[in-house]
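Contents: one structure, followed by commentary.
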Amino acid sequence: MAIDRFGRQITYLRISLTDHCNLRCVYCMPEDMTFRPNAEIMQDDEILQFVRLFSKLGFTKIRLTGGEPTVRANLVNLVHEIAHTPGINSLTMTTNGVLLSKLAHLLAKAGLKRVNISLDTLDQEKFRRLTRWGKIEDVWAGIRAAEDAGLTPIKINAVIVKGYNEKDIVDLARLTQKNPWQVRYIEMMPFAGATDFQLNQVVTAEEMKACIEANLGLLEIANGGRLDGEARLYHLPGAQGDIGFISSVTQPFCAACNRARLTADGRLRLCLLREGEVDLLTPLRAGASIDELRQLIVDGIWVKPWGHGLEQGIVPLNRVMSEIGG
Ligand code: SAM
Ligand code: SF4
């Protein structure tokens, strides 16, 4: 079991499969982002060794993320191997959806259970401004393919940024009226690079909720008021889907945190918004035994921070979001 000093049992691992991406979202990375050379990134066999180790420590749930996980070579085989690792009973992915129209069926067949797809606007021009490069029709094709492949319920992640897409909050919420999707609004978080932008242009979950209610009527509490992962859930009266708010900045959910992260270069990241990490890949490559690696993980999890320090002005500067994976 991996337990921290506050008694939280950590059972959920998010693995960043690569820091590379086929988009350049303004809130995530600079346009001229430099990526790590492949040799610095965990290879398939290394990822699988870590997955086996984490599953033996009681981790049951894995989310694959990035960068963009779908740009990783040999992804379908890797998904198959992870999905069939004893002890892993939930394997999901967060993706920008651009390549899903080609991959959704293969991934579902390999054992992937669900996808979260990022979509911040319904407008092509705004989509291009936010992602710098993207074509929105690729994401729609990806969403349709994911539904068709049974990677459901579909969750749509939308980061709302002042001056970019606040006007889309209502249209995104309307998607839940006719589709059994969960549209999740995410407060922008600050990381290295674009920190000023990320701090000054946050739209809070409270503001987003007020905007939806002003336009579409009062939201009803869903899921019995319980968190779904990190999202507080609501729905519009009569809607097929749900609306979630991920208020990591203004109302963090640290008490319920059961997660740890593995960065693309094999560091165990203990809190998304704190810099503390434990290097696992260097010891693995230097020939550390399974027991030694297990001890590094257990000791690291034990000192997992309680929560972030944004209110005290502490911002993680050692990595941008795409290297950690969200
Ligand atoms: N490329 C994939 C995608 O975009 O879904 C997976 C990686 S991305 C880093 C994971 C999630 O983090 C996405 O939903 C993205 O919108 C979100 N994200 C990126 N930068 C963020 C930031 N500064 N604050 C809050 N969420 C952010
Ligand atoms: Fe790429 Fe996802 Fe970051 Fe956008 S949010 S740049 S799609 S990693």
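No lab work stands behind these numbers, since they all come straight from the coordinates. Since the model is a prediction, treat every value here as computed from it, not as a measurement. Note that we place each Cβ from the backbone using ideal geometry, even for glycine, and neighbour counts take in every protein chain shown.
Where Lys and Arg each count +1 and Asp and Glu each count -1, what net charge lies around D45 among other residues with Cβ under 12 Å from its Cβ? That sum, taken over residues with Cβ under 12 Å, equals -1.
Annotation: amide H of A2 within the under-5 Å range of I10, sequence separation 5 or more or interchain, hydrogens built in the peptide plane. Would you mind classifying segment 105-229 by shape? Square roots of the alpha carbon gyration tensor eigenvalues, ordered a ≥ b ≥ c; an a/c under 1.5 is rounded, otherwise it is prolate if a/b is larger than b/c and oblate if not. Judged from the Cα gyration tensor, segment 105-229 comes out oblate (a/c at least 1.5, b/c at or above a/b). Here the 3J(HN,Hα) profile of segment 216-227, calculated from phi with Karplus coefficients 6.51, -1.76 and 1.60 at θ = phi - 60°, is 10, x, 5, 7, 9, 5, 10, 6, x, x, 7, 5 Hz, Gly and Pro shown as x. Unpaired cysteine residues in the chain (no second Cys Cβ under 4.7 Å): C21, C211, C254, C257, C271.
Centre-to-centre, using Cα atoms only, segment 252-314 and segment 63-129 are separated by 23 Å.
Between 0 and 90 degrees, the angle of helix 136-148 with respect to the longest Cα principal axis of the chain falls at about 70 degrees. For segment 46-60 versus segment 203-251, the inter-centroid distance based on Cα atoms is 34 Å. Note on R226, R269: ascending count of other Cβ atoms within 10 Å places them as R226, R269, the fewest first. Between the alpha-carbon centers of segment 158-189 and segment 7-37, tell me the distance in whole angstrom. That distance is 21 Å. Across segment 103-116, coupling constants 3J(HN,Hα) worked out from phi with the 6.51/-1.76/1.60 Karplus curve, θ = phi - 60°, read 9, 4, 5, 5, 5, 4, 5, 6, x, 5, 8, 8, 10, 9 Hz, and Gly and Pro carry x.
Once the Cα atoms are used to define both axes, helix 44-56 deviates from the longest principal axis of the chain by about 90 degrees. Our helix-only sum for the chain, with -39,500 (n - 2.57) per DSSP H run of n ≥ 4 divided by its residues, gives a mean residue ellipticity at 222 nm of -9000 deg cm²/dmol.
If we count every other residue with Cβ under 10 angstrom of L236's Cβ, Lys/Arg +1 and Asp/Glu -1, where does the sum land? Neighbour charge sum, excluding L236 itself: -2. With the simple spin-label model, which puts each label point 7 Å out from Cα in the Cβ direction, the V76 to M33 separation comes to 2.6 nm.
Extension gain for the segment R285 to K109, taken as residue separation times 0.36 nm less the Cα-Cα distance, is 60.2 nm to one decimal.
Summarising the amide proton neighbourhood of R14: residues at separation of 5 or more, or on other chains, whose placed amide H is nearer than 5 Å comprise R63, A260, R261, L262.
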